[in-house]
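The values are calculated or read from the model by the stated rules, or taken from the named source; none is laboratory data. This one's a predicted model, so the numbers in the text were calculated from it and none came from an experiment. Here the Cβ positions follow ideal geometry from the backbone for every residue, glycine too, while neighbour counts run over all protein chains shown.
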Amino acid sequence: MKCLIIKSNLVETEYLQEFIQRTTYLNVRNYEGNLATALQTIREEKPELVICDLSQIASLKNNYIVSSSTPPVFVCTTDQQEFDLDSYPVKPFSVLQFPVSFENFLSTLHQARLFIQGEPVETIDPIRRDFVFVKSEYKIIKVKFSDILYCEGMKDYTQIYLAGKPQPVLTLHNLKNFVAKLPQDDFIRVHRSYVVSINHIETISRNEISIGKRVIPIGNSYRNNLFQIVEMNS
């Protein structure tokens with residue numbers, strides 16, 4: 001599948017490139033400029049898929065992509081928490097909010113590929129693993145998502161606390177990068193140093209969460225999002 005990546009303003013570019021390299025069916029062309037200046041390249045090369053930052057879509061007013069009968073499919077990335085897709089001249093096929101796991105990225109591209117091929121999308125189950133391999137000291141350890149109680153960031157490292165294990169697994173990823181490997185629906189960041197498994201939460205007070213005998217603080221900037229999820233599941 002021919003894919004053009006517009007790198008201008010693209011959030012988490014290096015991390016995204018790692019995901020793309022692991023997606024073998026993509027024939028990728030990187031474009032260093034912005035979407036407005038890439039239009040000639042899109043006309044000539046006719047990519048089936050364009051990956052760009054969501055903010056770039058706003059530049060598509062009054063150009064041939066808007067009126068084209070066969071425009072490319074757009075998958076956009078953003079670090080915004082809220083956005084109104086109805087305000088954009090072209091509606092993306094999907095928007096990936098960072099941090100995003102490889103599983104979610106792969107599932108989105110799989111769905112986009114089916115859409116481009118004219119195959120039904122909603123009937124296909126997303127591709128999803130239930131584990132991640134992590135490097136810890138001199139070993140590679142398979143960690144099941146369902147076993148993760150919570151993760152604690154320690155500058156350039158992350159401690160992964162697992163059910164039934166007295167000691168955490170220490171991995172050479174900072175918390176932000178490790179969280180991107182986790183399924184977003186099952187984990188939530190509650191503090192700049194902590195991410196917890198929603199399934200393992202036992203009690204929540206205004207300032208802390210209990211998971212077994214462990215108490216995790218709730219950061220002020222993360223409290224509203226946490227309680228919104230609680231409300232949605234009440």
Within region 122-129, does at least one residue satisfy the condition of being crowded, with 17+ Cβ neighbours inside 10 Å, touching a residue at least 24 places away in the same chain (Cβ under 8 Å) and closer than 30 Å to Gln17 by Cα? no
Considering (1) free of Cβ contacts under 8 Å to residues at least 60 places away in the same chain; (2) farther than 30 Å from Ala112 by Cα; (3) assigned to a strand (DSSP E or B), say which one Leu149 fails and leave the rest. (1)
Among residues belonging to region 26-49 that are in a helix (DSSP H, G or I) and at pLDDT below 80, point out the one that is farthest from the chain's Cα centre (by Cα). Thr37
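Has region 99-112 got any residue that is touching a Leu at 6+ places or on another chain (Cβ under 8 Å), part of a strand (DSSP E or B), at pLDDT 75 or above and of a type in the set (A, V, I, L, M, F, W, C)?
Here is the first cut: in region 99-112, the ones touching a Leu at 6+ places or on another chain (Cβ under 8 Å) are 101, 104-105, 108-109, 112.
The next check asks that each one be part of a strand (DSSP E or B); those that pass are none.
No - not one qualifying residue is present in region 99-112.
So which residues in region 189-210 are under 25 Å from the mean Cα position of the chain (by Cα), in a strand (DSSP E or B) and among the aliphatic types (A, V, I, L, M)?
Just the residues of region 189-210 that are under 25 Å from the mean Cα position of the chain (by Cα), to begin with: 189-201, 209.
Subsequent filtering for residues that are in a strand (DSSP E or B) retains 189-191, 194-197, 209.
Residues satisfying the conditions are Val190, Val195, Val196, Ile209.
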Pairs needed: first member in region 180-194, assigned by TED's automatic domain parsing to the domain that holds Asp156 and under 11 Å from Ile218 (Cα atoms); second member anywhere, surrounded by fewer than 20 Cβ atoms within 10 Å (Cβ to Cβ) and among the basic types (Lys, Arg); C-beta distance under 6 Å; at least 6 residues apart or different chains. none
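Given the options Lys176, Lys165, name the one that is within 16 Å of Cys151 (Cα to Cα), touching a residue at least 60 places away in the same chain (Cβ under 8 Å) and not assigned by TED's automatic domain parsing to the domain that holds Glu103.
Lys176
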Looking at Asp185 and the list (1) under 19 Å from Gln97 (Cβ atoms); (2) surrounded by 13 or more Cβ atoms within 10 Å (Cβ to Cβ), which single condition is not satisfied? (2)
